[in-house]
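Report on one structure; see the data block that follows.
The values are calculated or read from the model by the stated rules, or taken from the named source; none is laboratory data. Keep in mind that what you see is a predicted model, and the values were worked out from it rather than measured. Cβ atoms come from the backbone with ideal geometry, glycine included; neighbour counts cover every protein chain shown. Keep in mind that these areas ignore ligands, DNA and RNA; they rest on the heavy atoms of the full protein, side chains included. Shrake-Rupley method; radii C 1.70, N 1.55, O 1.52, S 1.80 Å.
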Amino acid sequence: LFSQVLCLGADYYVDASGGNDGNVGTSVSSAWKTIGKVNGRTFSPGDRVLFNRGQVWREQLIVPSSGVAGKPITFGAYGSGNRPALKGSALLGGWTNAGGSLWRASLSSTPNQVFFSGVRGTKVGDTSSVNGANKWYWSGGVLYVYAASNPASTVEASVRPSTRSYGLVHIQGREYVNIESLEATQSASFGLYIKPAARSITVRDCDISHSLDGGLVAPSS
């Protein structure tokens with residue numbers, strides 16, 4: 001019995017809406033808030049980091065620690081509802097009407113994907129071609145979209161910030177890690193990136209979608 005107790009790790013909880021990074025993180029009522037808090041911690045073999053279902057993080061998970069054989073470190077979910085979602089898109093505000101159903105907003109980085117209520121839009125070559133649902137054009141730090149009304153609550157632009165250049169879940173130089181029941185979507189590059197390909201990385205029950213360069217990528221070197 002004593003040896004079984006030693007094998008158990010600690011559970012840590014992350015809640016995007018109700019958490020606080022000043023908490024200890026070791027119970028649902030004392031959950032952390034951000035993935036940045038997770039990235040900056042060191043975890044022990046057997047630990048589990050659990051994200052609240054139904055919540056969204058616009059951050060990249062950079063796995064900070066390795067487990068060992070028989071005691072992997074798990075990044076998974078708790079609660080009920082949809083998988084916890086890591087999104088590579090940025091919510092935009094400050095929309096102004098540019099005439100008719102053409103709307104514009106400042107966006108300094110060139111986007112490679114734009115999503116309309118979760119649907120990937122169609123890039124066109126100029127503003128005159130932004131003439132139908134889900135069409136968009138970017139030029140000179142301005143994103144133009146087609147919308148019947150102010151799109152502030154529906155348009156998400158996927159940009160390519162350097163902090164997310166390798167994937168929404170990034171595993172580099174780690175081993176004995178489980179990734180379970182997470183969603184990674186709308187990445188400007190990769191959804192889940194493992195480099196180099198390592199021992200005992202297990203991915204199960206995950207939904208990886210709308211990744212521009214690849215969903216799950218594990219280069220050999």
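Looking at segment 86-102, which of its residues are within 10 Å of E59 (Cα to Cα) and either assigned to a loop (DSSP other than H, G, I, E, B) or modelled with pLDDT of 95 or more (or both)?
Matches in segment 86-102: L86, G88.
For segment 125-134, which residues satisfy the criterion of being within 26 Å of the chain's Cα centre (by Cα) and open to solvent by less than 60 Å² (accessible area, probe 1.4 Å)? Show your work before the answer.
So the first thing to find is which residues in segment 125-134 are within 26 Å of the chain's Cα centre (by Cα), and the list is 133-134.
N134, the sole residue that qualifies.
Given the structure, is I194 outside any loop (DSSP other than H, G, I, E, B), β-branched (V, I, T) and at pLDDT 95 or above?
Details: outside any loop (DSSP other than H, G, I, E, B): yes; β-branched (V, I, T): yes; at pLDDT 95 or above: no.
When the stated conditions are applied, I194 does not pass them.
Inspect all residues belonging to segment 111-124 and state whether any of them is within 30 Å of L8 (Cα to Cα), open to solvent by less than 50 Å² (accessible area, probe 1.4 Å) and assigned to a loop (DSSP other than H, G, I, E, B). Steps first, answer last, please.
Taking segment 111-124 as the starting set, the residues that turn out to be within 30 Å of L8 (Cα to Cα) are none.
So far as segment 111-124 goes, no, none of its residues is within 30 Å of L8 (Cα to Cα), open to solvent by less than 50 Å² (accessible area, probe 1.4 Å) and assigned to a loop (DSSP other than H, G, I, E, B).
Residues of segment 5-45 being surrounded by 13 or more Cβ atoms within 10 Å (Cβ to Cβ), in a loop (DSSP other than H, G, I, E, B) and either of a type in the set (F, W, Y) or in contact with a Ser or Thr (Cβ under 7 Å, 6 or more places away or on another chain) (or both), which ones?
Passing the criteria: G9, D21, N23, F43.
Restricting the search to segment 73-98, which residues are open to solvent by 40 Å² or more (accessible area, probe 1.4 Å) and not basic (K, R)?
Within segment 73-98, G79, S80, G81, N82, L91, G93, G94, T96, N97, A98 meet the criteria.
Filtering segment 164-186 down to residues that are modelled with pLDDT of 90 or more and within 24 Å of P111 (Cα to Cα), which residue is most open to solvent (accessible area, probe 1.4 Å)?
Looking at the filtered set, the residue picked out is E183.
For V68, are the conditions met, namely being of a type in the set (A, V, I, L, M, F, W, C) and free of Cβ contacts under 8 Å to residues at least 60 places away in the same chain? Let's see the steps before the verdict.
Working: of a type in the set (A, V, I, L, M, F, W, C): yes; free of Cβ contacts under 8 Å to residues at least 60 places away in the same chain: no.
So V68 does not fit the description; no.
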